[in-house]
Amino acid sequence: MNPNELDHLYRIAEAIGDGQVVDWEGEARARPELTSYLDELRMLETMGAATAAVSPGTDHVAEVSTMGKLEERVRTALAERYRIQRVLGRGAMAVVFLAEDPRHGRVVAIKVFDPRKASSVEPERFLREIAIVARLQHPHIVPLFDSGSEKGLLWFAMPYVEGETLRVLLARHRQLPLDDAVRFATELAEALDVAHRAGVVHRDLKPENVLLSSGHALLADFGIARLFRESQTATLTSPGTSLGTPNYMSPEQVLADPAAIGPPSDQYALACLLYEMLVGEPPFAGRTSDVVQHHLTTKPPRASALRPGLHPALDAVIAKGMAKSPADRYASAGELAAAARAAAAGR
Amino acid sequence: MPRSGPPHDDSHPQFAGSESTASLLARVRGGDLDAREPLLKRYLPLLRRWAHGRLPARARDMADTDDLVQNTLLRALGRLEEFEPRREGAFLSYLRQILLNQVRDEIRRAHRRPERESLKDQVCDEGPSPLDQAIGRETMQRYERGLAQLSQDHREAIILRLEFGYSCEEIAEALGRSSANAARQLLGRALVRLAQVLHESE
């Protein structure tokens, strides 16, 4: 092919790239020697057009309008009880709205599960689970006000708490002062023990679920993980690959052994959390597949080696909380916290 | 203390739309699991549509497609360190290749499903995908083979334009070109090169 022919083809190809209309018959008549190349280019143009036909518009617009529709649906579905004000945050599974509860004259946060993600969760089961969680009353548990399953939407309301999550605090300071770390762990342990006695396992303790308000820790989203994890297992086939973080996942959760998952699983996550508050990063980090493997087989690193001045007795507390076998952990989260307090005081 | 709502599953959803893909990729490679979520959010819809165009009508149940695409993305993000795609164009064509393999597996599996064997009339054909319908299965296969022979730049430019509908401006950004015009030129050359490869393979 000579340079002139090549230039001619470039011009046509650039026109295709620009989405311009090409007069294929005219081109073929003008340059019969290029017919076979023109045919290939025309096929490529058709392919691009077919792709555009399969996916009209941009995805971004589609996503945004879906979200807008969800907000509208929530507004309508809850109109009798709440005035939806704005979106507070979006997660993988749910959107949290700020709303006014005129009947009680208070501001609430309403978590609404994305109907596309929650379609496999039975509304009855959701409400049953929420009812159990709603009975939990403790100063370090974010209480539940209300819940429902109106018009295909699963939602629950909780107080709107001013504050920030532990994740945000950790992002800002990396390592927390020893006293703060141990106190937060103690408060979370109290919350966990109360829940465990009521038969509720959190299953998803992580800094994102710990809300800090007036210097105290509040634990949110009790028991919610179970509903959605289970409904997700079908879609997330490979073990250890879940939308949630594997950083605080106990070995029995990694193995997805439902019979073995219980209060000690939350204690394991609490020990990971304590380690992260002290060291600035979770005990095991990196690729999901590696993290998952470490939870199963690797001894947790020593926090005192990474934070000089830390009493080595704390390493033993974390190691016991993170024992591979649930039976080797403390009898309760509270015992772990007590041991951590003693170790921190150098006793 | 800054105001924030109650905790939710994704600690920084507000960044999903603003942080560059390259930066998110770097964070994921560095072990920052929080960066997976915005990447997932950004590419899931795009890849979902891509898969939709390539799956036979029978296998194209929306929920199935979602699962397939989501699994693929999660798996790809889990293995990111092995591949190190640094720019968006490379990342997207890497995902697209994995997804293509998945789609082929899916079609093969659909053919093998024993319960379908008894329904003879339904076994033989899963039905063409929208793209098969548009340009023919044979041509699609020829296109794939031709694409594999191109340089990385050319291949990525074509994939972004023809398969994901990127504009020249977006291609320039995804491939690190200085301007939309530079991207247009690259795309023109890539298309002609592919036409030549296809012609020679005839």
Q. Consider A:P300 against the criteria (1) in contact with a Pro (Cβ under 8 Å, 6 or more places away or on another chain); (2) surrounded by fewer than 19 Cβ atoms within 10 Å (Cβ to Cβ); (3) not aromatic (F, W, Y): it satisfies all of them except one. Which criterion is unmet?
A. (2)
Q. Only one of these conditions is not met by A:L127: (1) away from chain B (no Cβ under 14 Å); (2) over 22 Å from the mean Cα position of the chain (by Cα). Which number is it?
A. (2)
Q: Would you point out the residue of the stretch A:76-102, among those that are more than 11 Å from chain B (Cβ to nearest Cβ) and out of contact with any Phe, Trp or Tyr (no Cβ under 9 Å at 6 or more places or on another chain), that is modelled with the lowest pLDDT?
A: A:T76
Q.
Among the residues of the stretch A:306-318, are any away from chain B (no Cβ under 14 Å), among the β-branched types (V, I, T) and buried (at least 24 other Cβ atoms within 10 Å of the Cβ)?
A. yes
Q) Which is among the hydrophobic types (A, V, I, L, M, F, W, C), out of contact with any strand residue (DSSP E or B) (no Cβ under 9 Å at 6 or more places or on another chain) and at pLDDT 90 or above, of B:A183, B:A174? A) B:A183
Q.
Which of the helices (runs of 4 or more DSSP H) found entirely inside the stretch B:133-202 contain at least 2 residues meeting this: without any contact (Cβ under 8 Å) to a residue 12 or more places away in the chain and out of contact with any Phe, Trp or Tyr (no Cβ under 6 Å at 6 or more places or on another chain)?
A. B:137-148, B:168-175, B:180-201
Q.
Can you tell me how many residues within the stretch A:177-195 are open to solvent by less than 30 Å² (accessible area, probe 1.4 Å) and closer than 23 Å to A:A342 by Cα?
A. 11
Q. Pick from the stretch B:1-32 the residues that are modelled with pLDDT under 75 and assigned to a helix (DSSP H, G or I): which of them is surrounded by the most Cβ atoms within 10 Å (Cβ to Cβ)?
A. B:P13
Q.
For the stretch B:131-183, give me each residue that is within 12 Å of chain A (Cβ to nearest Cβ), open to solvent by less than 50 Å² (accessible area, probe 1.4 Å) and among the polar types (S, T, N, Q).
A. B:T139, B:S167
Q | Number of the condition not met by A:H196 [criteria: (1) under 21 Å from A:L127 (Cα atoms); (2) within 14 Å of chain B (Cβ to nearest Cβ); (3) at pLDDT 90 or above; (4) outside any loop (DSSP other than H, G, I, E, B)] | A | (2)
Q: Go through the stretch A:245-284 and give me each residue that's crowded, with 22+ Cβ neighbours inside 10 Å, assigned to a helix (DSSP H, G or I) and without any contact (Cβ under 8 Å) to a residue 60 or more places away in the chain.
A: A:Q253, A:C272, A:Y275
Q: Could you tell me which numbered condition A:S214 fails, if it satisfies all but one of (1) under 28 Å from A:K299 (Cα atoms); (2) at pLDDT 85 or above; (3) within 14 Å of chain B (Cβ to nearest Cβ)?
A: (1)
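The values are calculated or read from the model by the stated rules, or taken from the named source; none is laboratory data. Remember, predicted model here, so these are calculated numbers, not experimental data. Because the Cβ atoms are built from the backbone with ideal geometry, glycine has one as well, and the counts that use them run over all protein chains shown. Note: areas computed on protein heavy atoms with side chains; ligands, DNA, RNA excluded. Shrake-Rupley method; radii C 1.70, N 1.55, O 1.52, S 1.80 Å.
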